[in-house]
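Okay, structure first, notes after.
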Amino acid sequence: MSIVLTPYWSPDEGIQKLKIEARAKAPAAPGLAPPVFSMKAQLDRTLLQLRSRTSPIEKYTFLAQVKQADVEAFYKLCLEYMPEIIPIIYTPTVGDACLQYSKIYRNREGLFISLKDKGRIGNILRNWPLANEARISVVTDGSRILGLGDLGANGMPIAVGKLSLYVACAGIRPSSTFPITLDLGTDNSSNLSDPLYLGLRQRRPLDAEYDAFMDEFITEMGRVHPKVLVQFEDFSTDHAFSYLERFRNRLPLFNDDIQGTGAVVLAGLLSAARLVPVPRNEHRILLFGAGSASVGVAKQLMSFFTITGMSEEAARSQIWLVDSKGLVYVGREEVADHKMYFARRHYTGIPMKDLTEIVKYVKPTALLGLSTIAGAFTPEVIRQMSQNTPRPIIFPLSNPVQLSECTFTEALIHSNGTAIFASGSPFGSEVIGGVRREPGQGNNMYIFPGLGLGAILCRAKSVTDSMVQAAAFGLAGSLSWDERALELVYPRVERIREISAHIAVKVIRAAQQAGVDNSTDLKRMNDTVLLEFVKGKMWNP
Ligand SMILES: NC(=O)C1=CN([C@@H]2O[C@H](COP(=O)(O)OP(=O)(O)OC[C@H]3O[C@@H](n4cnc5c(N)ncnc54)[C@H](O)[C@@H]3O)[C@@H](O)[C@H]2O)C=CC1
Ligand SMILES: CC(=O)C(=O)O
Ligand SMILES: [Mg+2]
């Protein structure tokens, strides 16, 4: 038997591939090396080439080429080497890719819709060659990419990266994913003066023009792709909140930074609280940073307290916000609307800005960083946290890794090994006191794949708060005994497909309860059958 490699056009992925045909007694194809390689050998070779690249950005561009040439090989590699690949296609390296996108750009990977396309957005959407109908679209306007600020059209890799995780972590079919960057200009001067910059060379417009563009975009998305679920990603804080409220009942849509982050942190805190000898209603949570992610988290954390029977007012009083001007309280100058709900009602002291002072005053049991300020959790802050509580919960959640409020090592050293730690971007494990400690990754990547999968499978007409909450509880309930014994607050990333399926089931049940599901067949399934159904729907390379 010989193996013949023939080029063919894959209608599913729209790329040219080599198809392997086994033909009994057929002559070997001329010009090909004689050995025949298994998929494993081909992956080993790809991995060898990947590892021979020294810089993360070279690894990123190499993987982008692999994905372009052979989508199945790319995802096979993702699934088999998840802990190694995710930090390249996602945070932290995706942050570098966005910063350098105008320089590393090679192939179109997603659709750019610019302000100049106003009036014909429907046609532009129809132009994008999708082999299958779009089911999930990550949409960014590039105005706040990770903690890196306004990167304009260079934000495309974040939409591409999140969608790669939808495929790798939740088995969404690659050909039904749709990355979109809305190019509404940028206020980033270095992009505007970069001759290679890919986007519009103009500043962002005023809200009236922005809103009119967004209205047309959402209307046309619903028209051209009636089954699509939209994930808004990395919009600046004002637009993140306003567009979530404006559009969440027009399409199935959620904001990952507000809702996905809220859910992942709620899950992490529920797991962490099991390790701390403090009653739930005595936890005090201090959020450093008060933007879209932080306020989204604070809102979601209300249920950390209310599920124990605490009133809304009492729950709110356990949560403190700090922004660039210090502790947020009613009566302080310049408190933006989105922070008002959590502004302290009864604070009468002088404005308090220094984080160590604030930690001394609030005595938090949990300190969460969503500020983009690297190193803000100083040794003094961490030591002060250890005075408040026997097991301080320290989650520096800003991305990418160079913006983390502290490192895993710092948290362990300055808390004498007592810290319970999770960060937005990954850190390696550490040995302290002869014991190996593993950090958690508190990143919305644990939530959005399963949330999206559940919403798509039940054909939800909207994404309700109860579906987001169900995703959080689903994640919190998915730690194995082995992971709990190691004091992990999130499951190992290698199990993420299993976790996403479990979350999807919870999300479908919440959609059914809220009456927003459209797939009535799923109602008749019990949870075991539904879980098998969800797993059966997941695409595998
Ligand atoms: N781990 C995760 O899953 C996620 C992490 N994030 C990260 O959270 C960070 C913030 O994101 P957004 O809230 O959308 O941004 P944002 O720009 O809206 O918020 C930043 C906040 O930090 C505050 N801040 C800035 N300088 C400060 C200082 N010196 N002291 C105290 N506060 C200060 C600002 O006042 C603002 O409230 C980013 O780094 C982002 O990557 C966002 C979403 C998910
Ligand atoms: C993880 C994420 O969504 C962010 O940092 O914006
Ligand atoms: Mg984001």
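Worth pointing out:
Per-residue answers, yes or no, for (1) over 24 Å from LYS299 (Cα atoms); (2) of a type in the set (Asp, Glu); (3) away from ligand 1 (no atom under 15 Å from the Cβ):
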residue	(1), (2), (3)
LYS353	no, no, no
GLU357	yes, yes, no
SER371	no, no, no
PHE377	no, no, no
ASN399	no, no, no
ALA411	yes, no, yes
PHE421	no, no, no
SER425	no, no, no
ARG437	yes, no, yes
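- Residues in region 316-331 that are of a type outside the set (Gly, Ala, Ser) and assigned to a loop (DSSP other than H, G, I, E, B) were compared, and the one that is least open to solvent (accessible area, probe 1.4 Å) is VAL328.
- If only residues of region 438-452 that are away from ligand 3 (no atom under 16 Å from the Cβ) and part of a loop (DSSP other than H, G, I, E, B) are counted, the one that is surrounded by the fewest Cβ atoms within 10 Å (Cβ to Cβ) is GLU438.
- For region 104-121, a residue qualifies if it is open to solvent by less than 10 Å² (accessible area, probe 1.4 Å) and closer than 29 Å to THR261 by Cα, and the qualifying residues are GLY110, ILE113.
- Test: residue in region 265-275 that is open to solvent by less than 40 Å² (accessible area, probe 1.4 Å), among the polar types (S, T, N, Q) and near ligand 1 (Cβ under 10 Å from one of its atoms): no
- Among the conditions (1) within 25 Å of ASP465 (Cα to Cα); (2) out of contact with any helix residue (DSSP H, G or I) (no Cβ under 8 Å at 6 or more places or on another chain); (3) not hydroxyl-bearing (Ser, Thr, Tyr), the only one that ARG332 does not satisfy is (1).
- Checking each residue in region 411-426 for being open to solvent by 20 Å² or more (accessible area, probe 1.4 Å) and among the β-branched types (Val, Ile, Thr) picks out ILE413, THR418.
- Considering residues of region 122-139 that are modelled with pLDDT of 95 or more and among the polar types (S, T, N, Q) only, the residue surrounded by the most Cβ atoms within 10 Å (Cβ to Cβ): SER137
- Qualifying residue in region 149-160 (condition: surrounded by fewer than 23 Cβ atoms within 10 Å (Cβ to Cβ), outside any helix (DSSP H, G or I), in contact (Cβ under 8 Å) with a residue 40 or more places away in the chain and at negative phi): yes
- From the options GLY171, GLY142, GLY119, GLY110, residue that is within 16 Å of ligand 2 (Cβ to nearest atom), modelled with pLDDT of 95 or more and small (Gly, Ala, Ser): GLY142
- Condition check for LEU115: more than 27 Å from LEU451 (Cα to Cα) and within 15 Å of ligand 1 (Cβ to nearest atom): no
- Apart from one condition, GLN402 fits all of (1) within 16 Å of ligand 2 (Cβ to nearest atom); (2) buried (at least 24 other Cβ atoms within 10 Å of the Cβ); (3) in a helix (DSSP H, G or I); the exception is (2).
- Taking region 453-541 as the region of interest, the helices (runs of 4 or more DSSP H) fully inside it that hold 3 or more residues being open to solvent by 20 Å² or more (accessible area, probe 1.4 Å) and over 26 Å from ILE393 (Cα atoms) are 496-514, 527-537.
- Taken over region 213-242, the criterion of being surrounded by 22 or more Cβ atoms within 10 Å (Cβ to Cβ) and within 16 Å of ligand 3 (Cβ to nearest atom) is satisfied by VAL230, GLN231, PHE232, GLU233, ASP234, PHE235, HIS239, ALA240.
- Count of residues meeting criterion [within 16 Å of ligand 3 (Cβ to nearest atom) and either outside any loop (DSSP other than H, G, I, E, B) or within 25 Å of VAL71 (Cβ to Cβ) (or both)] in region 103-141: 6
- Residue within region 85-95 that is of a type in the set (Gly, Ala, Ser) and open to solvent by less than 30 Å² (accessible area, probe 1.4 Å) present: yes
- Subset of region 332-375 [within 16 Å of ligand 2 (Cβ to nearest atom), open to solvent by less than 30 Å² (accessible area, probe 1.4 Å) and among the small types (Gly, Ala, Ser)]: GLY369, SER371
- Strands (runs of 3 or more DSSP E) fully within region 223-309 counting 1 or more residues that are within 16 Å of ligand 2 (Cβ to nearest atom), touching a residue at least 40 places away in the same chain (Cβ under 8 Å) and under 26 Å from MET385 (Cα atoms): 285-288
- Filtering PRO179, PRO195 for residues that are away from ligand 1 (no atom under 16 Å from the Cβ), assigned to a loop (DSSP other than H, G, I, E, B) and either modelled with pLDDT of 95 or more or of a type in the set (Gly, Ala, Ser) (or both) leaves a single hit, PRO195.
- With respect to the stated conditions, ALA411 fails to be small (Gly, Ala, Ser), in contact with a Pro (Cβ under 6 Å, 6 or more places away or on another chain) and free of Cβ contacts under 8 Å to residues at least 60 places away in the same chain.
- For SER371, the conditions (1) at negative phi; (2) of a type in the set (Gly, Ala, Ser); (3) out of contact with any Gly (no Cβ under 8 Å at 6 or more places or on another chain) are fulfilled apart from (3).
- Taking the criterion of being small (Gly, Ala, Ser) and either within 9 Å of ligand 1 (Cβ to nearest atom) or under 18 Å from ARG484 (Cα atoms) (or both), the residues of region 439-454 that qualify are GLY440, GLY442.
The values are calculated or read from the model by the stated rules, or taken from the named source; none is laboratory data. The structure displayed is predicted, hence computed values, not measured ones. Ideal geometry is used to build each Cβ from the backbone, glycine not excepted, and the neighbour counts take in all protein chains shown. Accessible surface is based on the protein model in full, side chains and every heavy atom, while ligands, DNA and RNA are left aside. Shrake-Rupley method; radii C 1.70, N 1.55, O 1.52, S 1.80 Å.
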